[in-house]
Amino acid sequence: MGGLKADLSGQVAVITGSTSGIGLALARGLAACGANIMLNGLGDAGEIETTRKAIEDDFGVKAAFHGANMLEADEIADLIAETNRAFGRLDILVNNAGIQQVAKIEELPVAKWDAIIAINLTSCFHTIRHAVPLMRKAGRGRIINIASAHGLVASPFKSAYVAAKHGVVGLTKTVALEVAEANITCNAICPGYVRTPLVESQIADTAKARGISEEEVVRDVMLSAQPTKKFVEYDHLTGLLLYLVSDAGASANGAAFPVEGGWTAA
Ligand code: NAD
């Protein structure tokens, strides 16, 4: 992680969906600044343990893992409770877990709609409702929801995802208003395309839905939306996250920050 730094020594961060992609990069960015980390997500147990240990070895912080499925309200409750049991505090909550499905609305399976809304939106409600009492008690807290450029604008064939991410932006604003006087902030980061496993898997689906080649999807669909014509990099998101969790970010509240090379300016 190049560039920005914050002093998060002794703080504790939960990052949902941090076994891969953006969530893992954000977890490592927070750990690099001294925060102890509660990882979460799906994946191979051996690989997750390697990821967890690498954070401890690379940054000299404590890292734990909780396998709560973001489809299950009681497991999400236990993620927050276990973080408090293990570390005795919760300073930073990053809601990042998410899935995607690219399909015409009339072909989107009902079960997939339900899962996208549950994992991408409803899980944020559950983590936040359990985290806020801990943060209120501590007198400080930072909640960051990883929405998307698709929390601000739409694209075809992404009805559930766009609906969920617009919902995340609405949830962010509402929570921000409720916690503002408690020295807690709640903001959303809205990335453009980042070349993660989630995006790799979308390329083939989008090619099918639009009847074009995979190369054309990258050039004409994904990067054509981003005026920079470049994928967003992990560091670009980590830098904003570090600002938001720092004391300098205390007045940023209820905002949805685009990090998408100018996509939503058009
Ligand atoms: P990814 O597929 O690499 O990672 C997703 C993470 O979520 C993984 O750790 C996965 O295990 C976890 N996850 C999925 N379902 C889960 C469940 N039921 N319970 C617990 N964990 C679960 O994806 P990514 O691209 O890194 O996406 C991370 C977030 O960023 C998502 O919310 C996504 O919508 C958002 N985002 C991504 C992009 C992009 O271009 N990659 C752009 C904008 C927003």
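The values are calculated or read from the model by the stated rules, or taken from the named source; none is laboratory data. Note that the structure is predicted; figures quoted are calculated from it, not measured. Positions of Cβ are backbone-derived with ideal geometry, glycine not excepted, and every protein chain shown enters the neighbour counts. The protein model used for the area step is the full one, side chains on, heavy atoms only, and it has no ligands, DNA or RNA in it. Shrake-Rupley method; radii C 1.70, N 1.55, O 1.52, S 1.80 Å.
Against the numbered list (1) within 16 Å of the ligand (Cβ to nearest atom); (2) more than 18 Å from the chain's Cα centre (by Cα), Glu72 comes up short only at (2). Which residue is farthest from Glu233 (Cα to Cα), if the candidates are limited to segment 21-55 and must be within 13 Å of the ligand (Cβ to nearest atom) and surrounded by fewer than 19 Cβ atoms within 10 Å (Cβ to Cβ)? The extreme case among them is Ala45. When segment 197-245 is filtered for residues that are over 20 Å from Thr19 (Cα atoms), β-branched (Val, Ile, Thr) and either at pLDDT below 90 or surrounded by fewer than 20 Cβ atoms within 10 Å (Cβ to Cβ) (or both), the ones remaining, listed by number, are Ile203, Thr206, Ile212, Val218, Val221, Thr228.
Scan segment 188-196 and tell me whether some residue there is at pLDDT 95 or above, closer than 20 Å to Leu121 by Cβ and away from the ligand (no atom under 12 Å from the Cβ). No, every residue in segment 188-196 fails to be at pLDDT 95 or above, closer than 20 Å to Leu121 by Cβ and away from the ligand (no atom under 12 Å from the Cβ). Once segment 132-144 is narrowed to residues that are outside any strand (DSSP E or B) and touching a residue at least 12 places away in the same chain (Cβ under 8 Å), the residue that is least open to solvent (accessible area, probe 1.4 Å) is Met135. Residues that are within 16 Å of the ligand (Cβ to nearest atom) and out of contact with any Ser or Thr (no Cβ under 9 Å at 6 or more places or on another chain) do not occur anywhere in segment 131-144. If you go through segment 145-159 and keep only what is within 13 Å of the ligand (Cβ to nearest atom), of a type in the set (A, V, I, L, M) and either outside any loop (DSSP other than H, G, I, E, B) or surrounded by fewer than 24 Cβ atoms within 10 Å (Cβ to Cβ) (or both), you end up with Ile146, Ala149, Leu152, Val153.
Taken residue by residue, segment 97-109 has at least one member that is closer than 30 Å to Ser201 by Cα, open to solvent by 50 Å² or more (accessible area, probe 1.4 Å), out of contact with any Leu (no Cβ under 7 Å at 6 or more places or on another chain) and among the acidic types (Asp, Glu). Among the residues of segment 110-129, those identified as among the polar types (S, T, N, Q) and open to solvent by less than 20 Å² (accessible area, probe 1.4 Å) are Asn120, Ser123, Thr127.
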